[in-house]
Amino acid sequence: MALRTSSTLALLLGLAVAAGCNSGSRSSTRQQLGAAATNTSTTGTSPTTSSSTGTPASSTPTGSGLAAEAVAIGATEQRVTSSIVALSFRLAAGANATVSRIDLTSAGSVDETQLGEVRLYADSNGNGQVDQGEPLLATAAKAPADDAAYQLTPATPIALTAGLPRTFLVAVDGSAVAHLDQVRMTGKTIALSIADAAAIVAWDASQASITATGSFPIGQTVTLEVNDTVLISELCTGPGSGATAEEYVELFNATGRQIDLTNYYLTDFGDLTTTGRFYWKLPTGQDFGPSGTNPTDFVVRFPAGTVMQPGQVIVVAVDGVGYQTRFGQSANFCLRNAGASTAVQMLTWDGVVGGVNFVSAPVASSVGFTGPGTTSNGETVILFTWDGTSDLIKDVDILNYGPASPANPATNKTPNQHLVAAALPDVRVDSAFDGDTTASTFQADLEEFQQENLRIMPGANAVSRRVDFNEGTEVKTGGNGLTGHNETSENFNVTFQAFSSANAQPGQVP
């Protein structure tokens, strides 16, 4: 399905370097859905200086030659921090040599003038990250123009010992970039390279110039990110209902990698102790969604092969035609009534108890984020994933908005609640598809009364828009989230802000 891009990514593979980039301005992020890919994101720590030693040579040049080669960096997706590692390389000398200057060229889709200075470090432990204690060898001022060149001139020339190569890291300083500018940089790339042999100025013990050998250009590409999962970035709760509903939920791929949404689900159906039906019961094949002939809640799944690109925004409308009428464009997906729009119908459960087959079918006309009509009632919107066999689903992101009610309480998957009060659920799940009869339990969620103090209160006909893509004070470990976060602990009253639906701007980052 065709989605418009927020900026053209210069995809640089291996050692290739491309020129040209666009500045990080606010723009549409209805982008092209492509093939899935997986990567892992890590971030280096702030360095201090210390001594450095070389590493055994993988290949040492003969005579007095100097060999240069690229070395894998610690992560190809990185946060915008004080040390964005954008290049790693190794220098090996056949005889003692000295390096007095290294010139770099820059490319990629990020505008380098938005970033700070460039720093050259010795990678003492060879892990591809800037670690505490690794020496800073040289700096170059921030780029005066997009795709500018950098000149790294160490105050003390770098000494290379014969047969003992050294590995170096080049890091870009992003510490001065404002948070929302970091968000706009998500999915953009930094590409630094040593263009040719002339970019390395070196000499031997007799002060004779040495020409480096290697597969030039020596370079790498890093994709920027602001978080490690897909996030709920905006929610519109009205006005309208039925075929005139303007309601939608917006999702943002906050990572620097493609995310395959094939096993991702979206729901506004959390816990309902009166019926014993809970979204986290999906792996059992029963009691995981709303019941009745006029449900107001939903559990839907993304169509197979749906992929979000880094930094991409997608919109899931409740009503495809209602959304298009209001905003003059199609949503990416809809829960019902695609009509003449290009919105793709989300998948709904086929109703066969004991199975989890989701088909392309609309939800009931009574379904909405706040039920039929427009009210200021609260709900919980949950993006979660399930691999199709395991006992437990994984929360990806949660948004608690408006005042809770008995019909729309906060989600709580804490084990052994039934021992505290008989009316509370015994939260244990045994998947019907894993071939065993052993049930599993979740980690503790935040208690409902604590969650009440964290909800955003947008009121009726309002938009809740994310302004903190670091998720505020959300607990980052020991939770039921896909990356270990406790998604129920986010302080939504700080990380989101409420706006009138008249000011809704779906499909683009802040």
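The values are calculated or read from the model by the stated rules, or taken from the named source; none is laboratory data. Here the structure is a predicted model, which means the values were calculated and not measured. Heads up, the Cβs are rebuilt from the backbone with ideal geometry, glycines too, and the neighbour counts pull from every protein chain shown.
Some observations on this one:
- Residue check for Asp426: modelled with pLDDT of 95 or more and in a loop (DSSP other than H, G, I, E, B): no
- Unmet requirement for Ser390, which otherwise passes all of (1) polar (S, T, N, Q); (2) within 19 Å of Gly479 (Cα to Cα); (3) more than 27 Å from the chain's Cα centre (by Cα): (3)
- Residue within region 375-384 that is at pLDDT below 90 and buried (at least 20 other Cβ atoms within 10 Å of the Cβ) present: yes
- Residue list for region 331-364, filter: under 28 Å from the mean Cα position of the chain (by Cα), within 20 Å of Tyr264 (Cα to Cα) and either of a type in the set (Val, Ile, Thr) or not assigned by TED's automatic domain parsing to the domain that holds Tyr264 (or both): Val344, Thr348, Val356, Val359
- Options Glu112, Glu69; residue that is under 23 Å from the mean Cα position of the chain (by Cα), in contact (Cβ under 8 Å) with a residue 60 or more places away in the chain and on the phi < 0 side of the Ramachandran plot: Glu112
- Residue in region 148-156 that is touching a Gly at 6+ places or on another chain (Cβ under 8 Å) and surrounded by 17 or more Cβ atoms within 10 Å (Cβ to Cβ) present: no
- Selection count, region 441-473, where residues are of a type in the set (Ser, Thr, Tyr) and without any contact (Cβ under 8 Å) to a residue 60 or more places away in the chain: 2
- Residue in region 466-489 that is nearest to Ala317 (Cα to Cα), counting only those that are buried (at least 16 other Cβ atoms within 10 Å of the Cβ) and touching a strand residue (DSSP E or B) at 6+ places or on another chain (Cβ under 7 Å): Arg466
- Residues (in a loop (DSSP other than H, G, I, E, B), surrounded by fewer than 20 Cβ atoms within 10 Å (Cβ to Cβ) and not acidic (Asp, Glu)) located in region 342-370: Thr342, Gly351, Val352, Val353, Gly354, Gly355, Asn357, Ala361, Pro362, Ala364, Ser365, Ser366
- Any hit, region 444-451, residues being touching a strand residue (DSSP E or B) at 6+ places or on another chain (Cβ under 7 Å) and at pLDDT below 95: yes
- Residues (crowded, with 22+ Cβ neighbours inside 10 Å and assigned to a loop (DSSP other than H, G, I, E, B)) located in region 157-176: Pro165, Gly174
- Residue identified as over 30 Å from Ser109 (Cβ atoms) and either in contact with a Leu (Cβ under 6 Å, 6 or more places away or on another chain) or in the same structural domain as Gln451 (by TED's automatic domain parsing) (or both) among Gly322, Gly305, Gly328, Gly311: Gly322
- The combined condition, being aliphatic (A, V, I, L, M), within 25 Å of Val249 (Cα to Cα) and surrounded by 15 or more Cβ atoms within 10 Å (Cβ to Cβ), is fulfilled by Val463.
- The criterion of at least 3 residues that are within 26 Å of Gln309 (Cα to Cα) and modelled with pLDDT of 95 or more is met, among strands (runs of 3 or more DSSP E) falling completely within region 27-120, by 77-79, 84-93.
- Looking only at residues of region 189-239 that are modelled with pLDDT under 95 and on the phi > 0 side of the Ramachandran plot, we find that the one that is farthest from the chain's Cα centre (by Cα) is Gln207.
- Val222 buried (at least 22 other Cβ atoms within 10 Å of the Cβ) and out of contact with any strand residue (DSSP E or B) (no Cβ under 7 Å at 6 or more places or on another chain): no
- Candidates Asp445, Asp468 - the one that is of a type in the set (Asp, Glu) and closer than 21 Å to Asp287 by Cβ: Asp445
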